[in-house]
Amino acid sequence: MTDIIFVFNVCFIRLSCWYALNLDQIHLFGQSWGGCLALEHALSQPTGLVSLVLASTPSSIRQFVTEAYSLMNELPIEVQQIIGKHKADGTTQDPEYKQAMEVFNHSFLCRVDPCPSSLTRAYSKVGTEFRGAGKIIDWNIQDRLGEIVVPTLLLSGRYDEVTPTCVETVHQGISGSEWVLFENSSHMPHLEETERFLQVLGEFLNRVETAL
């Protein structure tokens, strides 16, 4: 089931960005899980892909989950205890648990206060609870990163739930990749340090375009 869903999503990207839009060349941007899909697409060596931008993207779900759970240890001890208790009891719908998870979210998902309205709307649709990775836990393309040859920009936050350790793995694996770490951001530097994020992205795309 996982493979079917995964291939479907990758195929959807190809159809949307390549054929339906009738584009000869594209710069492909993916954030978080979208970056994982972008990696899969880049590994297919598609004609016309001129650059890759990966924001807060891991190359191994298992590594990401291990790192993200380790961040729990940085929370106040009372918050850790509340989260642990409700997970053990299966009561993660309890308001006390949700309030405790907001501490995690504000630390490692988005540190902007108040939360941007765009993100609040997204949360209302998909929620924010960190559950691990389920059926995709074994997704891992670390040993294939060297196959990516297009110019690649990596973007992530110092306090990102996709930790610098995860992004370092991608950086080391993709030869010539550039990595910009946003010191005042977590998982969403596009919302937390928007001006600098757009500047870094624009400069990268200009360099790539100039070299074409």
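The values are calculated or read from the model by the stated rules, or taken from the named source; none is laboratory data. Note that the structure is a prediction, hence the values are computed from the model and not measured. Because the Cβ atoms are built from the backbone with ideal geometry, glycine has one as well, and the counts that use them run over all protein chains shown. In case anyone asks, the SASA skips ligands and DNA or RNA and just uses the protein heavy atoms, side chains included. Shrake-Rupley method; radii C 1.70, N 1.55, O 1.52, S 1.80 Å.
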Response to the item:
With criteria (1) open to solvent by 20 Å² or more (accessible area, probe 1.4 Å); (2) part of a helix (DSSP H, G or I), residue 101 comes up short on (1)
Worksheet item: Is at least one residue of the range 99-110 touching a Gly at 6+ places or on another chain (Cβ under 9 Å), under 19 Å from residue 36 (Cβ atoms) and not β-branched (Val, Ile, Thr)?
Response: yes
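Tell me which helices (runs of 4 or more DSSP H) are completely within the range 113-212 and hold 1 or more residues being in contact (Cβ under 8 Å) with a residue 40 or more places away in the chain, open to solvent by 40 Å² or more (accessible area, probe 1.4 Å) and within 21 Å of residue 58 (Cα to Cα), or say none if there are none. If you could, list the steps in order and put the result at the bottom.
Working: elements: 117-126, 164-173, 189-192, 194-211.
Counting at least 1 such residues, we get 164-173, 189-192.
Can we say residue 62 is part of a loop (DSSP other than H, G, I, E, B) and of a type in the set (Lys, Arg)?
No: the conditions fail for residue 62.
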Worksheet, complete the sentence: Residues of the range 45-68 being surrounded by fewer than 16 Cβ atoms within 10 Å (Cβ to Cβ) and either at pLDDT below 90 or on the phi > 0 side of the Ramachandran plot (or both), in sequence order, are 45, 46, 47, 48
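Go over the candidates 90, 35 one by one and state the one that is within 30 Å of residue 212 (Cα to Cα) and either in contact (Cβ under 8 Å) with a residue 40 or more places away in the chain or not β-branched (Val, Ile, Thr) (or both). Before you say what the answer is, go through the steps one by one.
Values: 90 fails: within 30 Å of residue 212 (Cα to Cα).
After applying the criteria, what remains is 35.
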Worksheet, complete the sentence: Residue pairs qualifying under the 8 Å Cβ cut-off, at least six apart or on distinct chains, with the first in the range 67-84 being under 17 Å from residue 109 (Cα atoms) and the second being in a loop (DSSP other than H, G, I, E, B) and among the hydrophobic types (A, V, I, L, M, F, W, C), are 67/162; 68/130; 68/162; 83/75
